[in-house]
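Following: one structure in structure tokens, then a few remarks.
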Amino acid sequence: NSGVMSLLRPLLLDVDPTIQQTAALALGRLASYNDDLAEAVVKGDILPHLVCSLSEQNRFYKKAAAFVLRAVGKHSPQLAQEIVHCGALEMLVICLEDFDPGVKEAASWALGYIARHNSELSQAVVDAGAVPLLVLCIQEPEIALKRIAASTLSDISKHSPELAQTVVDAGAIAHLAQMILNPDAKLKRQVLSALSQIAKHSVDLAELVVEAEIFPVVLTCLKDSDEYVKKNGATLVREIAKHTPELSQLIVNAGGVAAVIDCIGSCKGTVRLPGIMMLGYIAAHSENLSMAVIVSKGIPPLCACLIEEHEDHIKAAAAWALGQVGRHTPEHARAVAVADVLPVLLAIYMDTNSSEDLQMKASISTKKALKNIVQKCTYLPALEPLLHNAPPNIMKHIVGQYSKVLPHDSKARRSFVTSGGFKKIQEIKAEPGSLLQEYINTINNCYPEEVVR
């Protein structure tokens, strides 16, 4: 408000290098504060000055100038685009070859902030020739530089298979995979993130990541003391598991399911989310893979997430995963039902006091999970508690299961009467001619007329 911007601009061209750097730092901090101030830096015609002097000034000035570019570019795609317009990318890429690691780090950081917005900006960074130099940066000895370079490769890879492919073609995977065991937690976070962003796009890219022998090494990250290392490790495993049954089988063989289940059991909140999703993806692929989740004792921790977690999207994910485990055969459904999951799912489905939009999501997931499990469940004691309070759209599936099992099981018919379940069936008001009415008739036909009355 005091007109500082216009005072700082001439100082960028001062004869004293210390004054130039300090002026650039001041501008960077102002621009970093919010997007209005970043706009003011762009409007004040400051960027061309910085870009011109990036090539000829000393390392301190280069760091300060790259900091200003990063501070402006981080706010929005429009501001990042301004930086591209003024020709800064080429200069930043030249800085990636500087002898000073601090300059490389500052340039890499600025490029990452530009690339993360969208695929066009990311493509501009690639076209400027940044990727091969970033891959060289992750091989440098300085940890800080490795971190930022890995993070920038992650930001470039995330938008599309084509962008991820350019990172792969520069030979990034092998170098990233070697760093999974690095003791520095912040570096591991970025490395796992970059590998996830590459693997998520397609089967081919996921296979290339797997071929870099990341298993079983990556599973040690699930036991890491750093929450983000855990989360990013689980995310990487999830992104590989989702593609094909073969990749999922490979994870199972490496001990991945047990490792993820331990991880879910040992943490809370959003750190659990990728692990929950990964179990769901694996179980969805086939009966055998779903059985692997059951045998590894995956159901109790998933059920615990349903009960303990407060956020609807985590509950919804756990419900979805349980639905994937239980939907294959009566044996799978029974394994889920015996863990007392169905009443919990029903309670979440019936609970309408959470917020509308999330309620929608959680409600759809739990309803689907209930249907998936109930339609395969022939273990009647687990269905019994649901008879008393399930809404009509779920009730028809429950009654349908009874109508399949009771005609062939005399013991079940007897206990159905003594438990009061049969009485409950008589109280259901069904539309004449509806599917529900047919199921009820089938059940009633299993018993003598006076018992029905």
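The values are calculated or read from the model by the stated rules, or taken from the named source; none is laboratory data. Bear in mind that the values here come from a model prediction, so they are computed numbers and not experimental data. Neighbour counts run over all protein chains shown; Cβ positions are idealised from the backbone, glycine included. These area figures cover heavy atoms from the full protein model, side chains too; ligands, DNA and RNA do not enter into them. Shrake-Rupley method; radii C 1.70, N 1.55, O 1.52, S 1.80 Å.
Run the paramagnetic zone check for Thr244: 7 angstrom along Cα to Cβ, then residues of region 277-298 with backbone nitrogen under 16 Å.
282, 285-286
Is there a quick way to get the dipole size of region 388-452? I mean about its Cα centre, with the Cβ of Lys and Arg at +1 and of Asp and Glu at -1; what is the value in debye to the nearest 20?
That gives region 388-452 a dipole magnitude of about 240 debye.
How far apart, in nm, are the 7 Å Cα→Cβ label points at Asp184 and Thr270?
Result: 2.5 nm between the two label points.
Using a cut-off of under 13 Å, list every residue of region 31-55 whose amide N is near the label point 7 Å from the Cα of Gln78 along the Cα-to-beta-carbon line.
Under 13 Å, as judged by backbone N against the label point of Gln78, lie 35-40, 42-43 of region 31-55.
Explain nothing, just the number: relative contact order of region 388-452, from Cα pairs under 8 Å at least 6 residues apart, as a whole percent.
42 percent
Taking Cα atoms, how many degrees apart are the long axis of helix 435-444 and the longest axis of the chain, rounded to 10 and kept between 0 and 90?
Long axis of 435-444 versus the principal axis of the chain: about 40 degrees.
Could you compute the net charge surrounding Leu435? Neighbours are other residues with a C-beta less than 15 Å from the C-beta of Leu435; K and R count +1, D and E count -1.
+2
In debye to the nearest 20, how big a dipole does the chain give about its Cα centre with +1 on each Lys and Arg Cβ and -1 on each Asp and Glu Cβ?
Here the chain has a charge dipole of around 1740 debye.
May I ask for the angle, rounded to the nearest 10°, between helix 59-73 and the longest principal axis of the chain, with both axes built from Cα atoms and the value confined to 0 to 90°?
40 degrees
Put +1 on the Cβ of each Lys and Arg and -1 on the Cβ of each Asp and Glu in the chain; which of Pro407, Leu306, Ala316 then has its Cα farthest toward the positive end of the dipole?
Toward the positive end, the furthest listed residue is Pro407.
Note down the net charge around Ile264, summing +1 for each Lys or Arg and -1 for each Asp or Glu among other residues with Cβ under 14 Å from its Cβ.
It works out to a net charge of +4.
Could you tell me the center-to-center distance, by alpha carbons, between region 103-175 and region 397-453 in angstrom?
64 Å
Please name which of Val338, Ala124, Phe60 has its Cα lying farthest along the dipole of the chain towards the positive end, using unit charges on Cβ (Lys, Arg +1; Asp, Glu -1) and the Cα centre as origin.
The Cα lying farthest towards the positive end belongs to Val338.
Summing +1 for each Lys or Arg and -1 for each Asp or Glu, what net charge is found among the other residues whose Cβ lies under 13 Å from the Cβ of Leu279?
Residues close to Leu279 contribute a combined charge of +3.
Suppose a student asked you for the relative contact order of the chain, using Cα pairs under 8 Å spaced at least 6 residues apart; what percent would you report?
Reported as a whole number, the value is 7 percent.
Please arrange Val210, Val167 by accessible surface area, largest first, computed with a 1.4 Å probe and ligands excluded.
Val210, Val167
Go through Leu247, Leu37 and list them by solvent-accessible area, largest first, probe radius 1.4 Å.
Leu37, Leu247
When the expected Rg is taken as 2.2 N^0.38 Å, what fraction or multiple of it is the alpha-carbon Rg of the chain?
So the Cα radius of gyration is 1.30 times the expected 2.2 N^0.38 Å.
So what's the angle, to the nearest 10 degrees on a 0 to 90 scale, between helix 273-285 and the longest Cα principal axis of the chain?
Approximately 50 degrees, to the nearest ten.
Give me the extension gain from Phe99 to Thr418: residue separation times 0.36 nm, minus the current Cα-Cα distance, reported in nm with one decimal.
106.5 nm
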